[in-house]
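Chemist: I'd like to ask you about the structure that follows.
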Amino acid sequence: MITASPDDMQGALRNLADAKEGLAEGEAMEGFHVEGPHISPEDGPRGAHPRRWVRRPDAHEFHRMQDAARGHIRLVTLAPEWPEAPRYIETLAEEGIVVAIGHTNASPIQIAEAVQAGATLSTHLGNGAQPVLPRQANYLWAQLAEDRLAAGFIVDGIHLPGSFLKVAIRAKGLERSLLVTDAAMPAGCAPGRYKLGGQEVELTPDQRVVLAGQTRLAGSALRMDRGIELLMRLAGLSLAQAVGMATLNPARVARLEGRQAGLVPGERADLVEFRFHAAAERIEILKTYLSGRLVYSG
Ligand SMILES: [Zn+2]
């Protein structure tokens with residue numbers, strides 16, 4: 001869920017809660033990630049979020065969203081440079097919400113204060129940022145150097161070059177690195193124009209999702225299996241390392257109960273059976289199980 005008006009955000013969260021609780025495969029959604037609206041209003045860090053709905057952190061608003069989501073919000077991304085941010089982060093962390101730093105223009109000191117207040121994750125690190133930064137004292141280095149922050153990376157081959165991925169994953173350590181798709185509305189669809197929130201976006205033939213008529217990225221059309229292939233190719237990881245960045249690490253960072261031990265008796269059987277074509281570095285999905293129930297057969 002990205003930045004929008006309070007009514008739209010609450011409405012969308014209500015729809016998501018209905019989907020999670022009502023659809024046959026709803027439990028595939030572990031929880032909701034609210035990205036915004038308390039982010040940087042500036043071009044660059046703001047990314048494709050609409051500026052008119054960016055606003056300062058407000059715990060009352062969070063509680064209205066969490067009520068609309070019927071308690072399913074698990075992760076919140078904000079920019080910690082807002083003066084209200086440390087108190088807001090403390091409140092959410094006390095309630096068990098995972099707080100992430102993202103779409104930010106914070107100083108290194110403000111990053112440190114956010115971590116002190118309870119932030120534990122960087123959202124799609126390296127994206128939602130200015131094209132040019134001070135070479136040393138900047139929010140990317142500050143987050144890379146902070147061992148209490150895990151970090152998510154969009155590995156679609158478009159958002160980040162391999163050199164950044166390699167260095168960032170080494171800086172974080174594999175166990176603190178997560179693969180995220182950042183998949184937006186047009187993912188899995190044919191190229192063309194789509195609505196994302198109130199904005200028009202375009203899926204280009206080379207699989208970029210951009211604001212319509214612009215070059216600014218507005219999410220991705222990436223699938224997890226493709227992300228794992230690209231992680232191996234771009235960051236030089238093994239298959240097992242790349243799979244860990246898509247499975248165990250997110251479960252641990254999101255503090256999902258009973259999901260952190262991997263494939264052992266007693267854990268929920270969410271399984272993907274696939275064949276890995278080593279020469280082509282290609283994953284072929286064969287079967288998918290949700291809670292032990294076959295939900296896809298290729
Ligand atoms: Zn984002």
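Chemist: Select from the range 20-64 the residues that are closer than 22 Å to Y139 by Cβ and among the charged types (D, E, K, R) and write down the one among them that is nearest to the chain's Cα centre (by Cα).
Modeler: Filtering the range 20-64 for residues that are closer than 22 Å to Y139 by Cβ and among the charged types (D, E, K, R), the one nearest to the chain's Cα centre (by Cα) comes out as E35.
Chemist: Another question about this same structure. Hey, does the range 161-170 have a residue that's in a strand (DSSP E or B), in contact (Cβ under 8 Å) with a residue 12 or more places away in the chain and open to solvent by 30 Å² or more (accessible area, probe 1.4 Å)? Let's see the steps before the verdict.
Modeler: Our first condition is that a residue be in a strand (DSSP E or B); within the range 161-170, this holds for none.
No, the range 161-170 contains no residue that is in a strand (DSSP E or B), in contact (Cβ under 8 Å) with a residue 12 or more places away in the chain and open to solvent by 30 Å² or more (accessible area, probe 1.4 Å).
Chemist: Taking only the range 269-293 into account, find how many residues are farther than 14 Å from E27 by Cβ and not aliphatic (A, V, I, L, M).
Modeler: Going through the range 269-293 one residue at a time, the tally reaches 9.
Chemist: Considering each of L286, L248 in turn, give the residue that is open to solvent by less than 70 Å² (accessible area, probe 1.4 Å), over 30 Å from A93 (Cα atoms) and among the hydrophobic types (A, V, I, L, M, F, W, C). First the steps, then the outcome.
Modeler: Working: L248 fails: over 30 Å from A93 (Cα atoms).
It is L286.
Chemist: Next question. Out of curiosity, is A151 among the hydrophobic types (A, V, I, L, M, F, W, C), surrounded by fewer than 20 Cβ atoms within 10 Å (Cβ to Cβ) and closer than 22 Å to S40 by Cα?
Modeler: Answer is no for this residue.
The values are calculated or read from the model by the stated rules, or taken from the named source; none is laboratory data. What you see is a predicted model, and the numbers here were worked out from it, not measured in a lab. No Cβ is skipped: glycine too gets one built from the backbone with ideal geometry, and neighbour counts run over all protein chains shown. The accessibility values were calculated without ligands, DNA or RNA, using every heavy atom of the protein model including side chains. Shrake-Rupley method; radii C 1.70, N 1.55, O 1.52, S 1.80 Å.
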